[in-house]
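Worksheet: one structure, shown below.
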Amino acid sequence: MRYQPAILQQEDAEGTMMDRAYRRLKREIIEMQRPPGQHFTEQDVAAVLGLSKTPVREALARLHRDGLVTPQPRAGYVVSTITLGDAADLCDMRTLLQSEAAALTAQRGLPDRERARLEELCVDEEYGQLAGPHLDERLRQNYEFEAIVANGSGNQRLAASIVSVFDEIERIVRLAVTLSPTMPPGRTEQRRAILDAIVARDPVAARDAMQRRTQAARREIIDALTRSHSVTSTPISLPDIGVDG
């Protein structure tokens, strides 16, 4: 079984009503059509999607398990907020999981077809703005590259965990890009270093290259989020310090 981030999954018209509601709502949340903090009810969603409340309720329960919505007692749901702490934790988890996946993939090797696809995904001649009309395509290419490496590890639980993190990080990345649309240089070189290590069957080099890439992404995301007015305008208080009597 191969695991794919939500952005790469094809819309499945044959799925259950709950599946369709889940995918639709998940993409709306990740793509910021339903921004953090937005309140809504089961009735609201059912009316928009033309579904009964039961599949919508089941889809929202699944999204709650994903950490994307928070139920409000007798008051519907709210799209989960994004915090600096949560963003940092997700980025750190991505580094830990994906670095190990890169090492395992290098150890196992990749089929020629997947190696060739990674070669194609290493090319990006349009430096400059990450935001704009090509954002979705850039994100798809990025997560396709990462998913090939994750699945190449041969560890399905590891790949599933990585893909779950990608879906949460994509939402944070979209917010970060809104705040800081410039694309820092070095992205293609980082991908190339990972691919070269995998082709060379060098687990240590692959792990190190993936760590450098994901840690650079972490810095970019956190730097962008700290530019948000909601962060820069938040009062800073002293921690509670116990006083001996």
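Below are the figures for this structure:
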item	result
Part-to-part distance (alpha-carbon centres) for the range 3-82 and the range 196-245, which is given in Å	28 Å
Top of Gly15, Gly37, Gly152 by mean-square fluctuation, Gaussian network on the chain, Cα under 10 Å	Gly15
Cβ charges +1 (Lys, Arg) and -1 (Asp, Glu), total dipole of the range 1-111, debye	180 debye
Selection from Leu96, Val173, Leu68 lying farthest towards where the dipole of the chain points positive, charges on Cβ	Leu68
Long-range amide H partners of Thr182 with built H, under 5 Å	Leu130
Sulfur and carbon atoms: percent of accessible area, the range 1-104 [1.4 Å]	53 percent
Rounded FRET efficiency, nearest 0.05, which uses the C-beta distance separating His64 from Glu189 and R0 of 41 Å	0.55
Magnitude of the charge dipole, the chain, Cβ model with Lys/Arg +1 and Asp/Glu -1, debye to 20	340 debye
Under Karplus coefficients 6.51, -1.76 and 1.60, residue-wise ³J(HN,Hα) of the range 142-154 in Hz, glycine/proline x	4, 6, 5, 4, 5, 5, 4, 5, 4, 5, x, 5, x
Gain on full stretching of the segment that runs from Arg2 to Val231 - 0.36 nm per residue minus C-alpha separation	78.6 nm
Among Pro55, Pro73, Pro36: highest mean-square fluctuation, GNM of the chain, C-alpha pairs under 10 Å	Pro73
Unit charges on C-beta of K, R, D, E only; dipole of the range 31-173, Debye	680 debye
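The values are calculated or read from the model by the stated rules, or taken from the named source; none is laboratory data. These numbers were taken from a predicted model, which means no experiment stands behind them. FYI the Cβ positions are ideal-geometry reconstructions off the backbone, even for glycines, and counts take in every protein chain you see. For the accessible areas, the whole protein counts, side chains as well, though only heavy atoms, and no ligand, DNA or RNA atoms are used. Shrake-Rupley method; radii C 1.70, N 1.55, O 1.52, S 1.80 Å.
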